[in-house]
Structure formats: C-alpha cells, structure tokens
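The values are calculated or read from the model by the stated rules, or taken from the named source; none is laboratory data. Note that the structure is a prediction, hence the values are computed from the model and not measured. Cβ placement follows ideal geometry from the backbone for every residue including glycine, while neighbour counts extend to all protein chains displayed.
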Amino acid sequence: MAMHMTGTTSSICLGIWLDDLRLGIKPGLRAIEPLRVEAVGLDAFSTELAPRNLSQTGRRDLARAVRSKGAVLAAMKADVGGRRLADARALDANLLKLREAAQLASDVGAKHLVVAAGFLPPLALGDTGGKEDAAARATLSEAAHALCEIASSSRARVCWSGGNEAPEVLAEFLNSVDSGGILQLDLNPGAYILRGFDPLKGLQALSPRVTVVTAADYYRGGGEAPFGQGEVRWPELFIALSVLSQGVHILAACGLEGDRVAMLAASYSRLKGLRQNPIA
C-alpha cells in the first residue's frame, strides 16, 4: 500500500530551467503554459537577457511575462565561463559581470542568482596541494568574499554552484570563508552521481545552504539519463529536502538531445509526483 505524506513537502517549490527548452523566453513560457509550472529559472547571460543590454523597460516586461504565467522567477544563473571564479587574471572582470547579473536579478524579482564558481581543489594533508591549487583556492576565497558583498546589497540571494569537488570539500571551504551563511547553494545531485559522489551525503554536508536544486538525472560515471531513469535516488532526496527549514526551489533541467519540451514536461510531472508522495 502506498504511504502518503501530505504536507511534508510543502516547503518545496517546483519549476523548470526555461533556457533548457532552447526556444527563447516568450516561446518557452508559452510552451510550458499547459504545465502550470510554479517557478522558472533563466540564464542571466543569454542573448535576450544580457545585463548590459536589457533596458529597464525590458526588465519590467520580463517580470510581467513570468508573472502572467502564474510562475515565480526562482533563479537566474550566471556562468562567466572558462575557469570561472578560480581564474585570478579574469576575477575583476568576472566579478563586474556578476554584479551586473545581480542587479538584473534584483530588477526582475528573481529570488536567487546561481553563480557557477569553478573547481575548488581540495587541501592536501600537511600542505596546500601545490602552488596552482593554493592559488585557485585563494582566488575562490576572494571571490566568495566579493559574492557575500554582492548578496548583502541585492534582493536576490546568491547561490554558489560548485565544480567537480567533493561536497565535503565545498562545505569546509564555504564555512571557512562565510561563517555567517550568507552564500547559499545550488545542489546538483545528478552531477554528483556523474562524478562518483553520493548526493545524499552531499546534501547532508551542505544542507544549511541549499535553497536551489537543479534536477537532472545521470548514470554513475556516464552521461545524462532521462529523469527518473538514472542513478539519483530522488525519493530519498525529496524526503531529505522536505525537512529543510529554509525551503527549496527544485528546477528541472535537461541537456539531452530531442524534444526538450516533452522531456522537461515529463521531468516536471515526475517531480510533482515525488512531492506529493516520495515513497509511493
């Protein structure tokens, strides 16, 4: 007999990373209208939304377009590319871009700005793991402090999105540079599976900061899978996420080739079923 858990997942809001549809914003919003999604996520650096080019009128129009579909703008992601925030030579320019993205997120009412931070090297026992690793960690530490400053002046909460590091390494780093918990986190369970880490252990290590979850499925050591057919233990994750006091936005993502609208619709439907009853 299925066990129902009414109310245990009320802190979870579900949505879709709209850019993964590859349709553009307005066509994408029209395509998902039948799904009645609760939330959407957008790419702050997409051609349509480049912060330096989008006028105040365009920002107001974007906010209205999302609201007209009955959705909230849960997140905007900002990926500067390359080695991201671990690149000391590009850090000043990249932080300027992120400040512009944070202003855009604030203007359009996005709840989170998800920042792709780049790979965080682990600390080796007894030393810093080599000069390059030490330099990368120092640059990322400087970036984290700057992101805390950006978060303090933005209406959007800033979420760190990690690289290939183990979740315990990331938790140790964030706690060392941000003891106040200003920086939040975008958790990507599928990426952990791909890299051989346990997403449940990752959530345990990072749970105080997790406010966004990117929901894509993966095979262990392989590629992306159709949602629900990979090796992420989504029912267990839903149960763990449902007890987080800060609440979580879970956004379906898809990088597979094919009919993205159909695939993301299926992912969203599966997410709704998990929220209603994760142990059915």
Residue that is farthest from the chain's Cα centre (by Cα), among those in the stretch 14-54 that are closer than 25 Å to Leu274 by Cα and small (Gly, Ala, Ser): Ala31
Restricting attention to the stretch 181-204, the residues that are buried (at least 20 other Cβ atoms within 10 Å of the Cβ), of a type in the set (A, V, I, L, M) and more than 11 Å from the chain's Cα centre (by Cα) number exactly 5
Of residues in the stretch 152-186 being within 15 Å of Ala102 (Cα to Cα) and among the charged types (D, E, K, R), the one modelled with the lowest pLDDT: Arg155
Candidates Leu62, Leu125, filtered to the one that is of a type in the set (A, V, I, L, M, F, W, C), modelled with pLDDT under 95 and on the phi < 0 side of the Ramachandran plot: Leu125
Output the residues belonging to the stretch 66-89 that are surrounded by 15 or more Cβ atoms within 10 Å (Cβ to Cβ), assigned to a helix (DSSP H, G or I) and over 19 Å from the mean Cα position of the chain (by Cα). Ala88
Residue match in the stretch 220-234 (condition: under 14 Å from the mean Cα position of the chain (by Cα) and closer than 25 Å to Asp20 by Cβ): no
Within the stretch 21-34, is there a residue that is of a type outside the set (Lys, Arg) and either assigned to a strand (DSSP E or B) or within 26 Å of Ala144 (Cβ to Cβ) (or both)? no
Under 9 Å between Cβ atoms, which residue pairs at least 6 apart in sequence (or on different chains) link something in the stretch 125-136 that is over 15 Å from Val169 (Cβ atoms) and surrounded by 11 or more Cβ atoms within 10 Å (Cβ to Cβ) with a partner that is at pLDDT 90 or above and of a type in the set (A, V, I, L, M)? Ala135/Ala86; Ala135/Ala88
Check whether at least one residue in the stretch 92-100 is surrounded by 14 or more Cβ atoms within 10 Å (Cβ to Cβ), at pLDDT 95 or above and outside any helix (DSSP H, G or I), and report yes or no. no
Condition check: acidic (Asp, Glu), under 23 Å from Gly15 (Cα atoms) and at pLDDT 95 or above. Does Asp79 satisfy that? yes
Identify, by number, the condition in (1) in contact with a Phe, Trp or Tyr (Cβ under 9 Å, 6 or more places away or on another chain); (2) more than 19 Å from Asp19 (Cβ to Cβ) that Val80 doesn't meet. (2)
